[in-house]
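Trainee: This structure is in structure tokens; I'll ask about it shortly.
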Amino acid sequence: MTRLSLLVELASTLAREIDLDAWLASAAHALASAMSAERASIWLVDAEEGDLVTRVAVLPEVPALRQRIGAGVVGTVARSAEVLRIDDASRDPRFDPSADRVTGFTTRSILAAPIREDASAPVRGVVQVLNASAGSFDAEDAAYLEVLGRELGRALAMTTLRPDDASGPGLVLRGPFNRIVGRGAAMEAVYERVGLAAQTDATVLLRGETGTGKTLLARAIHVNSPRRDGPFVTVDCTTLPPQLVESELFGHERGAFTGADRRVRGRVEMASGGTLFLDEIGDLPPEIQGKLLRFVQDRVFERVGGRETLRADVRLLCATHHDLERAVDEGRFRRDLYYRIRVLEIEVPRLASRGPDEIERLARHFADLYAKRHGRPEPRFEEDAIDVLRAHAWPGNVRELEHWIESALVLAPDGVIRRSRFPAQRGGAEPKREARDAVVLAPNQKLDDAMREYVRATVQALGGNRSEAARRLGVSRNTIARAMRG
């Protein structure tokens, strides 16, 4: 990879749900090659620990290393925010050989530059290359690495590696995948399975309530898989009329039905070489499930109205909020298809179960995101607003929380998020509380049934206004429609 293409690659890849450690490792490999160096590493200022940490270097067996700010070469650069070039490390008092002792590497020449968005921004880390093939690094190398450090700083600013105080030094890892915020045991289990799933071509079934982030996790599996350069095609099974599902999935030939005036490729063909994500597969009409089963088993299909058997190289990901086991028992979902799509299951926890700290962490993440999008000042929460967020039940999960925060930011030209600006608190009595009081749950009632009753009661409390119910609950109108049909 050339030095110019490396700069372009940094910005383009970090906009996606990539595994941050994997990205940093890949960037280090590419940088070492571009700089004709034996090794490259990227050190980040850990805002929680107050030191520098790296988990990436050219050699894969290198463990996580830490360095105090002000100590060693990278610590010196982190404190001074200046490029440092050393031709003979063994003779320089700033060189700390402890990393070499741990890794078994011998450092001779060093070039290190600060990672920060611009000259006025705090240092977020240090990028370092070691042992130039020419014997030492030159002024041109130093100028390039300084530019690269700024590009890295700007790229990292687009990730979820953000400090709680944007003006302070360092970064905070809020989850291993960019754009997916979450910590704690429940989410760590999800991340582990997402990482394992990304390494294979196995079919995955993501399960969880509406609004928990299943689509984002599906994209993370795709983006971190060998198919990352192929298409990621989504089919929302809830929005397709039954008579059009087959055509949408497999395409149709000209003349296949009234209005079919040309051949149309289906989503399966469009996803060839990449990933097909079937969202809410539990809503797929029974008459289509058999044809999907054939495709899942053999990756072959025919277009509607066609006789040619086609093949598509597609990785399949599925998601549902339904109790598929119950649907199988009741004959609404094919048992053989059920077993075919649940090769690897990933259970996504509901937001309320992740705890109040996680809710606050996500709220601050969304506040940063929407403040930038809507041109608001750096967001600030009033204390009682945080109390409301931490205490709310969040039936709409992460999607509902995101809607609350965006709405509050739109109503806050000063960037201050107050409880009075939350959607559920405008206009007097809160319909969701009225709806909750109206729902009487029976012992051993299924979760899907309880959620349907809750949604129906909310719609009733709002005088039948489904759009307003969707807005208040932080879910889509399709979700409301399914619950009312259910």
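The values are calculated or read from the model by the stated rules, or taken from the named source; none is laboratory data. Here the structure is a predicted model, which means the values were calculated and not measured. For the accessible areas, the whole protein counts, side chains as well, though only heavy atoms, and no ligand, DNA or RNA atoms are used. Shrake-Rupley method; radii C 1.70, N 1.55, O 1.52, S 1.80 Å.
Trainee: On full extension of the chain, what length is gained from Ala22 through Ala142, given 0.36 nm per residue of separation minus the C-alpha to C-alpha distance?
Mentor: 40.7 nm
Trainee: Shifting gears a bit: Out of all DSSP beta bridges in the range 241-336, what portion is antiparallel? Express it as a percent rounded to 5.
Mentor: Percentage antiparallel, nearest 5: 40.
Trainee: If you rank Lys214, Lys372, Lys291 by how much accessible surface each has, with a 1.4 Å probe, what is the order from largest down?
Mentor: Output order, biggest surface exposure first: Lys372, Lys291, Lys214.
Trainee: Hey, another quick one. Using Cα centres only, tell me the gap between the range 246-294 and the range 368-415 in whole Å.
Mentor: Value for the Cα centre distance between the two parts: 39 Å.
Trainee: At a 1.4 Å probe radius, which order do Arg376, Arg265, Arg485 fall into by accessible area, largest first?
Mentor: Output order, biggest surface exposure first: Arg485, Arg265, Arg376.
Trainee: Here's something else I'd like to know. Ordering Arg227, Arg179, Arg219, Arg418 by accessible area with a probe of 1.4 Å, largest first, what comes out?
Mentor: Result of the area sort, largest leading: Arg179, Arg219, Arg418, Arg227.
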